[in-house]
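Inspection log for the structure reproduced underneath, given as structure tokens.
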Amino acid sequence: MITVRNQFLSFLFLLVSALGIVSGNAFAQGGASGEEPKRYELGGITVSGARHLDPSTLINLTGLRVGDAITIPGEEIGKSIRKLWAQGILGDVSVTIARIEGNKIFLDYNLKERPRLSKFTFSGIRKGQAEELTKKITLIRGKVVTDALMNNTRTQVRKFFVNKGFLDTKVNIVQVPDSSLSNSVALRIEVDKGSKIRIHDIAFEGNTAFKDGKLRGKLKKTKQRKFYKILTGGKFQKSEYEDDKKGLIEYYNAQGYRDATIVSDTLIRDEKGLALRITVDEGPKYYFRNISWSGNYLYDDKTLSNVLGIKNGSAYSKEVLDKRLNYNPTGQDITSLYMNDGYLFFSIDPVEKKVVGDSIDIEMRITEGVQAHIKDVNIAGNTKTSDHVLRRTLRTLPGDKFNRELLIRSQREIATLGYFDPEKIGINPVPNAVDGTVDINYTVVEKPSDQITLSGGWGGFAGFIGTVGLVFNNFSLRKAGNFHNWTPVPAGDGQRIALNIQANGLQYQAYSLSFTEPWLGGRRPNSFSFSLNHSVQRTGTNFDASSGSFIKVNSATLGLGRQLRVPDDYFTLSNSLSFSQYQTQNYQLLPGFATGYANNIVFNTTLSRNSIDNPTYTRRGSSLSLSVNLTPPYSSINPGHSDQNKWIEYHKWMFDASWFTPIVGKLVLNTRAHFGFLGTYNSLRELGPFERFKMGGAGLGFNGGANFLVGTDFIGLRGYDDPNNPYAIPTAQNNQSGGIAFNKYVLEMRYPVSLNPAATVYVLAFAEAGNSYDSYNNYNPYKLYRSAGVGARIFMSAFGLLGFDFGRGFDAVVPPPGTTTARDPNHFHFIIGQQIR
């Protein structure tokens, strides 16, 4: 035992002696290592070895200043070295005594800088992954390569691949000296991803109320991989899993299991990948028992209980309770009841008064406050649109009582203008409890609303058709007199001007001009519009006006519309009067009207209701429209008139309905129904070729021949041929002019890919059925041609709507005699500038 102790003391003595020798070498001019510590005044500090770093900055980092008293040997030098090391930018530090003058000592810090980054490369991964990683990691050329930088890079690269399911990813970073630059290195980041590890099984323990499959469905991001689940990745990401666990407990709470907890969860690695085991403690299921109210003076207990809509014995759910108290998207809630009557300072606090067994008594403690009135309404962000265009749409006016419902309605009205990004419309009520008022601040972000069309299409009657169109949706006629406002056109007053030209040389030409003022007079939403149209189509090879074959159409329309207040102010009533003149010469495409003149005077009235929340990508609301076109009853006025086509006579009824229902998240179901009927006042008078219906294809109408010029309505039916095709549905085969009635029904599921206002994109799946009929004797609303398919829509502010659909028709279409080629049931459709009716 004594021998061991003596050996230890001998080792300690040698260690101390060695340290003394090192200290003596470091400060050779300071005397022998055995000297007693001595106090000096620091006379100066110099730095050697630094090439890129600023010496004065490095001296400041030491913490020593000229004139400081230091001890040699002592702690001051050691502290200064540790401070320099802490910066992570130096590879080596040593200190020597430059000289001693009396009581002053001069020190020199000899430094070796760490290398700087010249470039970095990846190995072991694809080019696309390397490009994506380059954007994520924080490697900058010229930055000092520190241990922290290396570790951070290694962590970021590994995390990138772990989040993609490569849990065994290994990252090695090699420093390669760069001879082209002094004191620089290139980093070679070597990645070994290994195999992707997926979750092959998720099992639950302790659950009796819900089966494993039900609980797995509540894990939104954490899914187990199965061969039949094509879109399920099965990767495990911890942050997403933590969110899923919270969502699982929220689901239990919503079903009455308010004490439910996750006891444990284990991630097991086996030969198949990952297995997740989650143990839950559901606890008992609770129910609402007695719900009482206190502090309510404006409404009695019975009224509040009816609005709340929670019955005694219902499963206890904080989610349902919060929805019924604060915001119920499918009906009224308690907060809306008060706030729609101005009680902005209203608050309600549900308190659990008693828990008896599995039943809970709730007391609703209400503070009604005073009614708040709107003081100021402020608008910001409208850099192009005039303030009055926004203010006239708002339902929240200074001096009015605060109303939350009207606040939400104002947001919807701003969105439907089409001038602003609907996803970025901000509403911020700023209450002032002192004087019982509230300021409302609206913020908007302008988006492009004007459109230009430069396109070409192939029409069966005219060949290639070129189109040039300009639509200014936010025009200002008031500013047109000032040249400085033409940038490129005066804008900001919400008026609409549209100019469109289509042409194929002399064979086909069409020109149209329209103007709309949505607020005639500026006080109420009474719209005024007018339009002028001219078109001409020539057939054959001789385009000489005196001997050729042609049809010319000139028309003008004046319209007035107004917003109704009854049944509610979502309704509008529009009326228009139009006059069209048709002139034909040797034109064989219109049966019974090859040569001559025809005049069409039409009065149109349209009653519509539109409550959709967003015209670009609608999530909820509906759009209903009943339209009636009436011509004078010439056959009744002059029954003996022989030329029935000279003054066109008909009555035309159109009904369109569209409903939007949110399913989950951004997924929306759109259901539509469309009907059209055409008739005459006199059963003895036949309907001419004007204003008929043609169904099939994309419903664009370019291939419809002269029918496009005589007011024919083209109704799309995806999965079937255009009306001019031999395989069109029978009405188009039997009657070249088209049908006199049609029915159509649509189910369409939509999901947005991008809601960026510059390019809104959504995908869809559809099922639809429809038919058109050439006589009422053949009318059968149950005889429908059915189809289904998928598609996409792209709405670009500058160009309008583009659509792509692939549809498959399920019902056979019998071709005309002499046609032997089998019909292809699959069709690809291209839509531009309009939705399919």
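The values are calculated or read from the model by the stated rules, or taken from the named source; none is laboratory data. This one's a predicted model, so the numbers in the text were calculated from it and none came from an experiment. Glycine also receives a Cβ, built like all others from the backbone with ideal geometry; neighbour counts cover every protein chain displayed.
Here are the numbers for this structure:
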{"quantity": "Test: residue in the range 301-313 that is crowded, with 19+ Cβ neighbours inside 10 Å, more than 30 Å from Pro429 (Cβ to Cβ) and touching a helix residue (DSSP H, G or I) at 6+ places or on another chain (Cβ under 9 Å)", "calculated": "no"}
{"quantity": "Entirely in the range 47-153, the helices (runs of 4 or more DSSP H) that have 3 or more residues that are out of contact with any Pro (no Cβ under 9 Å at 6 or more places or on another chain) and not assigned by TED's automatic domain parsing to the domain that holds Ala186", "calculated": "55-62, 75-86"}
{"quantity": "Pair list, Cβ under 8 Å, 6 or more apart: the range 31-55 residue more than 18 Å from Ile81 (Cβ to Cβ) and modelled with pLDDT of 75 or more, other residue part of a strand (DSSP E or B) and among the small types (Gly, Ala, Ser)", "calculated": "Arg39/Ala69; Glu41/Ala69"}
{"quantity": "Within the range 688-702, considering residues that are assigned to a loop (DSSP other than H, G, I, E, B) and out of contact with any Ser or Thr (no Cβ under 6 Å at 6 or more places or on another chain), the one farthest from Ala594 (Cα to Cα)", "calculated": "Ala698"}
{"quantity": "Residues being over 21 Å from Thr383 (Cα atoms) and either in contact (Cβ under 8 Å) with a residue 24 or more places away in the chain or in contact with a helix residue (DSSP H, G or I) (Cβ under 9 Å, 6 or more places away or on another chain) (or both) - total across the range 484-513", "calculated": "13"}
{"quantity": "Flag for Phe204 being over 30 Å from Gly49 (Cα atoms), touching a residue at least 40 places away in the same chain (Cβ under 8 Å) and either assigned to a strand (DSSP E or B) or touching a helix residue (DSSP H, G or I) at 6+ places or on another chain (Cβ under 7 Å) (or both)", "calculated": "yes"}
{"quantity": "Matching residues, the range 609-618, being touching a strand residue (DSSP E or B) at 6+ places or on another chain (Cβ under 8 Å), crowded, with 16+ Cβ neighbours inside 10 Å and of a type outside the set (A, V, I, L, M)", "calculated": "Arg609, Ser611, Asp613, Thr616, Tyr617, Thr618"}
{"quantity": "Test: Val157 is surrounded by 15 or more Cβ atoms within 10 Å (Cβ to Cβ) and over 17 Å from Gln237 (Cβ atoms)", "calculated": "no"}
{"quantity": "Hits in the range 154-195 - residues which are in a loop (DSSP other than H, G, I, E, B) and either in the same structural domain as Ile89 (by TED's automatic domain parsing) or within 30 Å of Lys221 (Cα to Cα) (or both)", "calculated": "Asn163, Lys164, Gly165, Phe166, Leu167, Asp168, Thr169, Lys193, Gly194, Ser195"}
{"quantity": "Residue in the range 90-105 that is surrounded by 13 or more Cβ atoms within 10 Å (Cβ to Cβ), among the aliphatic types (A, V, I, L, M), under 30 Å from Ser195 (Cα atoms) and in contact (Cβ under 8 Å) with a residue 60 or more places away in the chain present", "calculated": "no"}
{"quantity": "Residue in the range 796-815 that is at pLDDT below 75, of a type in the set (Ser, Thr, Tyr) and within 23 Å of the chain's Cα centre (by Cα) present", "calculated": "yes"}
{"quantity": "Those residues of the range 579-589 which are modelled with pLDDT of 85 or more and surrounded by fewer than 19 Cβ atoms within 10 Å (Cβ to Cβ), in sequence order", "calculated": "Phe579, Gln581, Gln583"}
{"quantity": "Subset tally (residues that are hydrophobic (A, V, I, L, M, F, W, C) and touching a Ser or Thr at 6+ places or on another chain (Cβ under 6 Å)) for the range 378-406", "calculated": "3"}
{"quantity": "Options Gly357, Gly399, Gly369: the member that is closer than 20 Å to Val438 by Cβ and either surrounded by fewer than 16 Cβ atoms within 10 Å (Cβ to Cβ) or among the β-branched types (Val, Ile, Thr) (or both)", "calculated": "Gly399"}
{"quantity": "All positions within the range 500-548 that are farther than 18 Å from Thr584 by Cβ, at pLDDT 90 or above, assigned to a strand (DSSP E or B) and not hydrophobic (A, V, I, L, M, F, W, C)", "calculated": "Tyr511, Ser512, Ser514, Thr516, Glu517, Ser527, Ser529, Ser531"}
{"quantity": "Pro726, sole failed condition from (1) of a type outside the set (A, V, I, L, M, F, W, C); (2) touching a strand residue (DSSP E or B) at 6+ places or on another chain (Cβ under 9 Å); (3) modelled with pLDDT under 90; (4) over 30 Å from Leu684 (Cβ atoms)", "calculated": "(2)"}
{"quantity": "Selection status of Tyr338, buried (at least 19 other Cβ atoms within 10 Å of the Cβ) and farther than 28 Å from Asp435 by Cβ", "calculated": "no"}
{"quantity": "Evaluation of Ile291 against (1) surrounded by fewer than 18 Cβ atoms within 10 Å (Cβ to Cβ); (2) at pLDDT 90 or above; (3) out of contact with any Pro (no Cβ under 7 Å at 6 or more places or on another chain); (4) not in a loop (DSSP other than H, G, I, E, B) (one fails), failing number", "calculated": "(1)"}
{"quantity": "Pairs with Cβ under 6 Å, 6+ apart, first in the range 279-296 and without any contact (Cβ under 8 Å) to a residue 60 or more places away in the chain, second outside any strand (DSSP E or B)", "calculated": "Gly283/Tyr257; Gly283/Asp259; Gly283/Ala260"}
{"quantity": "Residues (in contact with a Leu (Cβ under 7 Å, 6 or more places away or on another chain) and among the hydrophobic types (A, V, I, L, M, F, W, C)) located in the range 365-413", "calculated": "Ala372, Ile374, Val377, Ile379, Phe402"}
{"quantity": "Among residues of the range 621-646, those that are surrounded by fewer than 18 Cβ atoms within 10 Å (Cβ to Cβ), in a loop (DSSP other than H, G, I, E, B) and at pLDDT below 90, counted", "calculated": "8"}
{"quantity": "Test: residue in the range 565-578 that is assigned by TED's automatic domain parsing to the domain that holds Ser535, hydroxyl-bearing (Ser, Thr, Tyr) and not in a strand (DSSP E or B)", "calculated": "yes"}
{"quantity": "Meets criteria (farther than 30 Å from Leu274 by Cβ, touching a Ser or Thr at 6+ places or on another chain (Cβ under 6 Å), surrounded by fewer than 18 Cβ atoms within 10 Å (Cβ to Cβ) and not aromatic (Phe, Trp, Tyr)) for Asp147", "calculated": "no"}
{"quantity": "Residue list for the range 437-451, restricted to those being in a strand (DSSP E or B) and either out of contact with any His (no Cβ under 6 Å at 6 or more places or on another chain) or not assigned by TED's automatic domain parsing to the domain that holds Gly399 (or both)", "calculated": "Val438, Asp439, Ile440, Asn441, Tyr442, Thr443, Glu446, Gln451"}
{"quantity": "Selected residue [of a type in the set (Gly, Ala, Ser), at pLDDT 85 or above and more than 25 Å from Gly521 (Cα to Cα)] from Gly436, Gly466", "calculated": "Gly436"}
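Residue by residue, here is whether (1) in contact with a strand residue (DSSP E or B) (Cβ under 9 Å, 6 or more places away or on another chain); (2) more than 30 Å from Leu42 (Cα to Cα) holds:
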site: Arg65; (1), (2): yes, no
site: Gly74; (1), (2): yes, no
site: Lys83; (1), (2): no, no
site: Arg99; (1), (2): yes, no
site: Thr121; (1), (2): yes, yes
site: Gly128; (1), (2): no, yes
